[in-house]
């Protein structure tokens, strides 16, 4: 899996990609159509990226800013990250994020990748301790500490 596939993409990056599928207020589920009609929202979500774990939908038509009673995924330039693995109850998580949240989400994704790398390197150290593996482990730990210190 490519490293970049594990980091949440920005709306700007997704806008550059071709549209793979479309979901609108006219073709959504009956419940979503009712919510859209009641809220007076005509939305368009475009599937722009599909990875092993997620589908990324970009809202290209909808409301301009968040408001009560309207899903955040219907805000223009919001990205919705839809899990491809069902929860225990059979539903799929769909987490919307806006431009102001993208950088923080990307930092969290990056820190999680570094933590995974540290775990792998620690296992390698137990199996085959070598100066090279120890250097890689130290480097990954330093990167994580640097990120944590700079977290704002």
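The values are calculated or read from the model by the stated rules, or taken from the named source; none is laboratory data. Since we're looking at a predicted model, the values are computed, not measured. Quick reminder, even Gly has a Cβ in these numbers, built from the backbone with ideal geometry, and neighbours come from all protein chains shown.
So, in segment 1-23, how many residues would count as being over 13 Å from the mean Cα position of the chain (by Cα) and either modelled with pLDDT under 90 or surrounded by 17 or more Cβ atoms within 10 Å (Cβ to Cβ) (or both)?
4
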Per the list (1) more than 16 Å from residue 8 (Cβ to Cβ); (2) modelled with pLDDT under 90, residue check on residue 139 breaks on (2)
Would you please name the residue that is surrounded by the most Cβ atoms within 10 Å (Cβ to Cβ), looking only at residues in segment 45-97 that are touching a residue at least 60 places away in the same chain (Cβ under 8 Å) and not in a strand (DSSP E or B)? 78
Considering 107, 135, 149, which residue is in contact (Cβ under 8 Å) with a residue 24 or more places away in the chain and either in contact with a helix residue (DSSP H, G or I) (Cβ under 7 Å, 6 or more places away or on another chain) or outside any loop (DSSP other than H, G, I, E, B) (or both)? 107
Give me a count of the residues in segment 24-35 that are surrounded by 13 or more Cβ atoms within 10 Å (Cβ to Cβ), more than 18 Å from residue 79 (Cα to Cα) and within 24 Å of the chain's Cα centre (by Cα). 0
Here is a list of conditions, (1) over 30 Å from residue 140 (Cα atoms); (2) in a helix (DSSP H, G or I), and residue 117 meets all of them except one; can you say which number that is? (1)
Condition first: under 15 Å from the mean Cα position of the chain (by Cα) and within 14 Å of residue 22 (Cβ to Cβ). Now tell me which residues in segment 51-72 satisfy that. 55, 56, 57, 58, 59
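Does residue 47 fit the bill of being under 14 Å from the mean Cα position of the chain (by Cα), modelled with pLDDT of 90 or more and within 17 Å of residue 5 (Cβ to Cβ)?
Here the answer is yes, as residue 47 does meet what is asked.
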